[in-house]
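Structure first, commentary second.
The values are calculated or read from the model by the stated rules, or taken from the named source; none is laboratory data. In this text the structure is predicted, and so the values were computed from the model without any measurement. A quick note on method: Cβ atoms are made from the backbone with ideal geometry, for glycine too, and the neighbour counts reach across all protein chains shown.
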Amino acid sequence: MKSKDEKRFQFMGNVVMIIMTILAVAPLLLVIISSFTDNNTLIRNGYSYFPEKFSLDAYHYIFVENPQVLKAYLVSFRLTAVGTVLSLSVTTLLAYAISKKELPARGVLTFYVFFTMLFNGGLVPTYINYVNIFHIKDTFWGLLLPGLVTNGFNILLMKSYFTSSIPDEIVEAAYIDGASETQTFLKVVVPLARPIIATIGLFAGIAYWNDWNNGYVYLNRRQDLYSIQNLLNRIVQNIQYLLQSGDSNAAALLANLPTVSVRMAMAIAGVLPVLVIYPFVQNNFVKGITLGGVKG
Amino acid sequence: MEISDSCSFFSCIKKGWHAMKQTAKVKRDSKKTLRLVKRFIPVYLMALPGIIYLFINNYMPLPGLVLAFKKYSTKKGIWGSPWVGLKNFKYLFRTQDAWIITRNTLGYNILFIIVNVVMAVSIAIILSELTTRWKKVYQSTILLPHFLSTVIISYLVFAFLSSENGFLNNSIFPLFGKEQIPWYTEPKYWPFILVFVQTWRGVGYNCIVYLSTILGFDREIYEASAIDGASKWQQIRKITLPLLRPTIIMLVLLSVGRIFYSDFGLFYQVPQQSGVLMNVTQTIDTYVYRGLLERNDMPMATAAGVYQSLIGFILVMSANLIVRKIDPDSALF
């Protein structure tokens, strides 16, 4: 039995949520449609949901004519693959170690991880450290290293999963049955921890795919190492620079930059992988975030 | 890296702290310890890459903070550069910059906190009450913007606001006979735009913790109140909100603890670095970045960073003190 009050609430609730849902995707949709719009139409009529003339030129340009975009795209994929595997391995291994109740010096190790969440040197000291001592400027390492494990967050998240969801008895039983620590970890712990490994892996993967900070800070001369995010960022900067410099050649130089529809196609290329995997993984995200939430 | 966020960040600090308390040294005799160390050698080896990485990434830069008290010369390096005492700080606070970045960082964060709580709690309540099977779709769609990079978001915003061919200026305003607005050169609109973009991006994420809390409430209370004739609105006001209060207070206090830190990407990318907007878009984090990358003034940037971590640390501690007074179980440490 549904009361009138209940029905009214359900109706209003649905209306609000439909509006929110539309608002969430509308900007993306506008850019998607713009990327399929003929560039002259775009310049004449502006961005529109119902353009006069469609065109695939922008995609032809970025995937066939201009190798720069495809190259940046490959860097992004390579970075995300390597970064995710490395980040996940380092995180899982350390998290497993500090989840072992009997491990001598476990407290010290946990504090060592925990402390990184309270204090850090900040941008400039980190930059000087990486550039002057490890010389990662203008190398692929510059994209990879500074974001590998930004702080103890994921490590502690995973550690709390190990301690709460994998029974000690199973691990001990494997050990008593004569499995080595390495075998126990690979054959018993990893299969049981698959949900958290998937979640942390997704966090790391998305973070690497979306990262533009590291390329911006650590790549100076080597623009060939740009990820797609860095390339997108660079284009905006060039445009702003030309607009603000008051250069008399600005107009001519601006004409050389990618056209509006090409820029939009590049932005879409930049989100495409996220959009493609999102429906399959969003449930995992929600679980992961709830896990990291206050109640977890 | 943009994924980790203030609330989950703090819950993790909390977890780390509790884990440490739990593992406070249990007395063992040295023979047994030795045997355990031997047994766990492979485990220590497993931990090694992570230990080395955190050392390089998080510990080695710490001494570099002394740069805030030095005049940096690239030739001499951090340690060879001469000390200048508090000169960098004096200079920072003599300029308008210190005031502007502090005002913006605090002001925006306060706005964000208020709008986020109102929006996230409302959405969480609505989602928890809806019976339609579409609610999963609603929830995952409004979460999507959280996973877009700020560079992409700046492109999306630009599609709407661009003065030459933006959607608002070209398609919406003409319908109402309104004049075009040069958004990227008009500072007065930006507080609104930034709050809107931040909410748009974060609401799906922020409502998750509230939603999971509400779903944990005992449904019997609601059924009992419905039998007594309570309307939906009364249930929300008299049951859901009071039960949700501890969670709201916790999350708000935790974001107050992070109030001196800003979402760097949002303030750096979304205004497209427009110089005219700097007064309303520069925050401490963007100031530090620009100090390093544009002005090449490392000591000043470090000084601003030290200023941020110091005040930030005091705020975390005070927020925690207050939480502990209200609800000892929710305190971070």
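Odds and ends about this structure:
- Residue B:66 vs. criteria facing chain A (nearest Cβ under 10 Å), surrounded by 15 or more Cβ atoms within 10 Å (Cβ to Cβ), assigned to a helix (DSSP H, G or I) and more than 33 Å from the chain's Cα centre (by Cα): no
- All positions within region B:117-139 that are closer than 22 Å to residue A:284 by Cβ and either more than 9 Å from every other protein chain (Cβ to nearest Cβ) or touching a residue at least 60 places away in the same chain (Cβ under 8 Å) (or both): B:120, B:123, B:124, B:127, B:128, B:133, B:139
- Within region B:177-211, tally of residues that are of a type in the set (Gly, Ala, Ser) and at pLDDT 90 or above: 2
- Enumeration of residues in region A:9-35 that are more than 8 Å from chain B (Cβ to nearest Cβ), of a type outside the set (A, V, I, L, M) and without any contact (Cβ under 8 Å) to a residue 60 or more places away in the chain: A:11
- Of all the numbered requirements in (1) within 18 Å of the chain's Cα centre (by Cα); (2) at the interface with another protein chain (Cβ under 8 Å from one of its Cβ atoms), residue B:283 misses one, and that requirement is (2).
- Check on residue B:313, touching an Asp or Glu at 6+ places or on another chain (Cβ under 7 Å) and either farther than 30 Å from residue B:162 by Cβ or of a type outside the set (A, V, I, L, M) (or both): no
- Restricting attention to region B:292-316, the residues that are touching a residue at least 24 places away in the same chain (Cβ under 8 Å) and hydrophobic (A, V, I, L, M, F, W, C) total 8.
- Qualifying helices (runs of 4 or more DSSP H) (wholly inside region A:223-296; at least 3 residues being at pLDDT 75 or above): A:228-245, A:260-292
Residue-by-condition table, conditions (1) modelled with pLDDT of 85 or more; (2) more than 19 Å from residue A:98 (Cβ to Cβ); (3) away from every other protein chain (no Cβ under 13 Å):
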{"site": "A:170", "(1), (2), (3)": "yes, no, yes"}
{"site": "A:176", "(1), (2), (3)": "yes, yes, no"}
{"site": "A:184", "(1), (2), (3)": "yes, no, no"}
{"site": "A:189", "(1), (2), (3)": "yes, no, no"}
{"site": "A:193", "(1), (2), (3)": "yes, no, yes"}
{"site": "A:202", "(1), (2), (3)": "yes, yes, no"}
{"site": "A:209", "(1), (2), (3)": "yes, yes, no"}
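- Region A:135-154: number of residues that are facing chain B (nearest Cβ under 7 Å), in contact with a helix residue (DSSP H, G or I) (Cβ under 7 Å, 6 or more places away or on another chain) and outside any helix (DSSP H, G or I): 4
- Candidates are the residues of region B:87-145 that are among the charged types (D, E, K, R) and closer than 21 Å to residue A:18 by Cβ; the one that is farthest from the chain's Cα centre (by Cα) is B:133.
- Of all residues making up region B:105-133, the number that are in contact with a Leu (Cβ under 7 Å, 6 or more places away or on another chain) and either within 30 Å of residue B:278 (Cβ to Cβ) or outside any helix (DSSP H, G or I) (or both): 1
- Region A:99-111, residues that are more than 7 Å from chain B (Cβ to nearest Cβ), touching a helix residue (DSSP H, G or I) at 6+ places or on another chain (Cβ under 8 Å) and assigned to a helix (DSSP H, G or I): A:99
- Residue B:301 being away from chain A (no Cβ under 11 Å), assigned to a helix (DSSP H, G or I) and crowded, with 20+ Cβ neighbours inside 10 Å: no
- Being surrounded by 15 or more Cβ atoms within 10 Å (Cβ to Cβ), under 25 Å from residue A:273 (Cβ atoms) and among the polar types (S, T, N, Q) holds for only one residue in A:41, A:110, A:116, A:80, and it is A:80.
- Any hit, region B:178-195, residues being buried (at least 22 other Cβ atoms within 10 Å of the Cβ), farther than 30 Å from residue A:234 by Cα and in contact (Cβ under 8 Å) with a residue 60 or more places away in the chain: no
- Residue match in region A:201-211 (condition: without any contact (Cβ under 8 Å) to a residue 40 or more places away in the chain and touching a helix residue (DSSP H, G or I) at 6+ places or on another chain (Cβ under 8 Å)): no
- Among the residues of region A:136-182, those that are more than 33 Å from the chain's Cα centre (by Cα), surrounded by fewer than 17 Cβ atoms within 10 Å (Cβ to Cβ), on the phi < 0 side of the Ramachandran plot and free of Cβ contacts under 8 Å to residues at least 60 places away in the same chain comprise A:169, A:170, A:172, A:173, A:175, A:176, A:177, A:179, A:180.
- Some residue of region B:240-258 being closer than 25 Å to residue B:192 by Cβ, at pLDDT below 90 and facing chain A (nearest Cβ under 8 Å): yes
- Within region B:90-111, being surrounded by 19 or more Cβ atoms within 10 Å (Cβ to Cβ) and among the aromatic types (Phe, Trp, Tyr) holds for one residue alone: B:108.
- Filter result for residue B:171 (closer than 19 Å to residue B:276 by Cα and either at the interface with another protein chain (Cβ under 10 Å from one of its Cβ atoms) or in contact with a Lys or Arg (Cβ under 7 Å, 6 or more places away or on another chain) (or both)): no
- Selection within region B:69-89 - outside any helix (DSSP H, G or I), surrounded by 12 or more Cβ atoms within 10 Å (Cβ to Cβ) and not hydroxyl-bearing (Ser, Thr, Tyr): B:70, B:71, B:76, B:84, B:86
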